[in-house]
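Structure first, then comments.
Where a number appears in this text, it was derived from the coordinates with a stated rule and is not lab data. Computed from a prediction, not measured in an experiment: that's the story for all the values here. We place every Cβ from the backbone using ideal geometry, glycine too, and count neighbours over all the protein chains shown.
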Amino acid sequence: MDLSRKILALAFGLAFLLSGVLLAQGFSFLGASNRFITPNGKNLNVVFKFDNFDGAAVTGKIYDVTGRFVADTTPPSSNVTMNGQLIWDGRSSSGEVVRTGAYVYVVACETSVYRGVVVVIR
């Protein structure tokens, strides 16, 4: 393959790769950093990670296994947009460390809702 064809192939390949990056849109939940947290130990919190290409509002809530509201997750900064994170530190909305047990997280962005379980160990 001559040099001009190699350059052309490289240019098309690069354009294809960039089109995926530049045209990315919507919301994608990437998961929780860990499933077990120890508020008084090594794993102090859980981080919920997502891509939010449209910059839509994202919320995160924590419930106990009976469905009772426990806490809201918090962003690491006041501006949660494109590559985002929400954090839960194993505390209730009143600031108390929750009891040992399983907790349900709900991360929502417009019409997308993601649920999972985090276990608190003390």
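Placing pseudo-labels 7 Å out from each Cα toward the beta carbon at residue 122 and residue 36 gives an inter-label distance of 1.8 nm. As a size descriptor, the averaged projected area of the C-alpha convex hull of region 25-120 was calculated at 5.8 nm². Around residue 34, under 12 Å between beta carbons, what's the net of Lys plus Arg minus Asp minus Glu among the other residues? Result for the neighbourhood of residue 34: +3.
Stretching the chain fully between residue 102 and residue 28 yields a gain of 24.2 nm (0.36 nm per residue, less the alpha carbon separation).
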